[in-house]
Structures are given as C-alpha cells and as structure tokens.
Amino acid sequence: MQGGDTHYAILRRPFSAFKLSGFTLTSDIMNHARFVLLFIALGASSAVLFAHHSVGAYYDTTRQVTLKGPVTEVEWTNPHMFLHVDVRDEQGQTTNWAIETDSPNALSRAGWVRATVKPGDEVTATGYPSKKGLTALRLVTLVLADGRKLKG
C-alpha cells in the first residue's frame, strides 16, 4: 500500500481488529455495554416496583375492622378498584368509607365481574384501616348480601 492507502486499509478492517485503550470492540466494550443496559433495565423495573406502594405504607396491617352498609359508588378503574360504602356508627351518624381493592384484572381472575357489586347492595367489608385516620379501608374480604365471600 502506498502513502495515503494505509488510512483506508485501517478503515476496512473488521471492528474486532481494533483495540481502544486495551478493549476489543466486540468483546470487552460489548460486554460492558450489555452490563450497563442490564443495570439500567433492572433499575427501571425496580423503580416501577417501588412506585407501586405497599399496603403497609398507607394502611394499618396490624389490625382489621369490619364495616357494614350500602354501596354508594363503584369505581372499576386501574390501578385499584374502589367501593364507597355508607357506614352508620353507634350514634346514628353516616360516614362514607372508601374501600380500596385489588386491580380489576386481579379481581376478574378471582371471579369478580362489573355486576358483582352495584350501588345499593348491602355489603360487609373487612380490612385494614387507614394509618392517617381517614375513612379508608384496604379490603381483605367482602361479604355480599347473598352470603358470598370474596377476596379483594
């Protein structure tokens, strides 16, 4: 090869023939790139897991309460379905409770359908109360007026 042809001969070599700072492009750098991509993928998936809150973060899982009353609203939405139930206390005061359940997908696999619970249905809900003293409950079981017991 003559003078200027050396430059072009180097460019025509396969990538595996190049060495940069002791790394072979096809082995060391590619392995490093795979590691970095794996690290990013694991980091992204763990962020999703942490973003999905745990029950214990919002609800007192050390005790359960039971509520009874008519359903006033059903929110069949992602990421969690909510039931709203009017609960009457010992003094006759009515308070509307928000009852958080599993996702509609999980409920469907457990046998729930949209018509399982409707406004006006009498239900008995047992679950974990809110840690902040809100009228909110994380459902453990729901008993319908016909006696069916559902997990939620």
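Miscellaneous remarks
- Across the range 64-110, the qualifying residues are those that are touching a His at 6+ places or on another chain (Cβ under 7 Å) and charged (D, E, K, R), and the one among them that is farthest from Val140 (Cα to Cα) is Glu73.
- Qualifying residue in the range 134-149 (condition: under 23 Å from Tyr58 (Cα atoms) and in a loop (DSSP other than H, G, I, E, B)): yes
- Just so you know, in the range 116-133 the residues that are outside any loop (DSSP other than H, G, I, E, B) and in contact with a helix residue (DSSP H, G or I) (Cβ under 7 Å, 6 or more places away or on another chain) include one that is surrounded by the most Cβ atoms within 10 Å (Cβ to Cβ), and it is Tyr128.
- Filtered residue count, the range 55-72, keeping only those that are in contact with a Lys or Arg (Cβ under 9 Å, 6 or more places away or on another chain) and either charged (D, E, K, R) or surrounded by 15 or more Cβ atoms within 10 Å (Cβ to Cβ) (or both): 7
FYI, it's all coordinate maths here, none of it is from the lab. In this text the structure is predicted, and so the values were computed from the model without any measurement. Cβ: placed from backbone, ideal geometry, glycine included. Neighbour counts: every protein chain shown.
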